[in-house]
Amino acid sequence: TELIPLLSRAPKAELHIHIEGSLEPELIFALAQRNGVALPYADVEALRAAYAFTDLQSFLDIYYAGASVLLQEDDFHDMAWAYFLKAQADHVVHAELFFDPQTHTARGVDTGVVIRGLKRACDRAQAELGISSALILCFLRHLSEDEALATLEAALPWREHFIGVGLDSSERGHPPEKFARVFARAAELGLHRVAHAGEEGPPAYVESALDVLKVERIDHGVRSVESPALIERLAREGVPLTVCPLSNIKLCVFRHMAYHSMPALLALGCKPTVNSDDPAYFGGYLNDNFVALFEALPQLGAREAYALLRNSFEASFVPAERKGAWM
Ligand code: HPA
Ligand code: ZN
């Protein structure tokens with residue numbers, strides 16, 4: 001449609017991007033060589049050929065393998081800088097980046113190495129590209145809450161470098177309430193709180209993320225449409241949902257983009273946004289997600305495009321006075 005070029009050029013905020021999921025196969029191989037890390041794939045093509053996912057776990061196994069090449073502060077900087085160049089091309093003016101310290105500390109990489117490398121790229125993106133950004137520390141939900149608590153404490157020397165905490169990795173069997181104490185601790189520290197819920201997990205996980213973890217946004221949340229009572233609540237409370245269309249198709253959450261719940265979420269008064277999740281693995285960056293969504297769903301028009309763009313700024317954790325410049 002004629003909307004696509006307008007959408008592509010419009011300024012936008014990205015609120016759901018795992019920075020380790022922006023690691024392209026070419027950079028994985030370059031970092032493997034730089035760091036002397038052996039990879040179980042012969043070359044870039046063989047690695048990319050493995051990107052045929054059947055569900056969340058089949059993706060996570062490869063995503064954690066790809067992250068194994070990240071060892072030095074410069075590696076984290078280079079990865080995030082490559083993302084910011086893609087973001088600039090998509091007219092992203094603000095990005096809130098997830099990172100998974102436990103993926104790296106498990107290999108002996110210090111939390112400070114991760115945070116300092118990412119922060120350097122964030123500062124450079126502001127200075128050289130005019131893109132503002134912030135970091136959100138995510139806990140791996142397949143690990144224990146005690147490990148999450150230790151991860152948060154280990155990051156506190158860099159408290160000023162991240163604005164919030166999130167919850168990601170394998171959703172089924174790991175309900176939000178497993179992390180009640182660590183999210184309460186994060187709240188005490190003045191950190192923002194978000195959680196993945198209702199991606200593969202049931203609507204009940206969205207409810208417990210809100211009720212027990214007191215999150216301010218739900219990451220994904222696309223299965224909320226299965227519960228009319230939950231949808232009514234999300235709409236009434238104005239809870240933002242950071243939806244990732246290409247991710248949902250690649251991980252088989254929906255059979256085809258034509259069956260995505262985005263039109264229902266918008267029509268029912270919820271506050272969804274569009275995001276790329278793990279763009280190097282799912283076939284596209286932010287604008288690719290907008291294009292795939294709008295091309296597959298003719299019921300989405302200019303009104304919906306405007307709502308999605310405005311929601312991305314409204315739902316960001318930028319101070320209200322700065323949001324005014326965008327909205
Ligand atoms: N879901 C859960 N964990 C993740 C994802 C996701 O989409 N991407 C990276 N870690
Ligand atoms: Zn995600």
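The values are calculated or read from the model by the stated rules, or taken from the named source; none is laboratory data. Computed from a prediction, not measured in an experiment: that's the story for all the values here. A quick note on method: Cβ atoms are made from the backbone with ideal geometry, for glycine too, and the neighbour counts reach across all protein chains shown.
From the list E171, E153, the lone residue that is acidic (D, E) and either part of a loop (DSSP other than H, G, I, E, B) or surrounded by 14 or more Cβ atoms within 10 Å (Cβ to Cβ) (or both) is E171. From the list F179, F99, the lone residue that is under 20 Å from L71 (Cα atoms), at pLDDT 95 or above and touching a helix residue (DSSP H, G or I) at 6+ places or on another chain (Cβ under 9 Å) is F99. Looking across the stretch 252-271, the residues that are outside any helix (DSSP H, G or I) and surrounded by 12 or more Cβ atoms within 10 Å (Cβ to Cβ) come down to C252, V253, F254, H260, S261, L268, G269, C270, K271. Apart from one condition, F179 fits all of (1) outside any helix (DSSP H, G or I); (2) within 15 Å of ligand 1 (Cβ to nearest atom); the exception is (1). Each residue in the stretch 210-232 was checked for being of a type in the set (K, R) and within 16 Å of ligand 2 (Cβ to nearest atom), and 2 pass.
Taking every residue in the stretch 44-55 that is without any contact (Cβ under 8 Å) to a residue 60 or more places away in the chain and pairing it with any residue that is surrounded by 13 or more Cβ atoms within 10 Å (Cβ to Cβ) and not in a helix (DSSP H, G or I), at least 6 positions away or on another chain, the pairs with Cβ-Cβ distances below 8 Å are L47/L39; L47/Y41; A50/Y41. Residues that are farther than 30 Å from L241 by Cβ and either out of contact with any Leu (no Cβ under 6 Å at 6 or more places or on another chain) or not charged (D, E, K, R) (or both) number at least 1 in the following helices (runs of 4 or more DSSP H) confined to the stretch 1-50: 25-35, 44-49. Being under 18 Å from the mean Cα position of the chain (by Cα) and surrounded by fewer than 20 Cβ atoms within 10 Å (Cβ to Cβ) is a property that H161 has.
When the residues of the stretch 149-169 are narrowed to those that are within 16 Å of ligand 1 (Cβ to nearest atom) and of a type in the set (V, I, T), which ends up farthest from T242 (Cα to Cα)? In this case the residue turns out to be T151.
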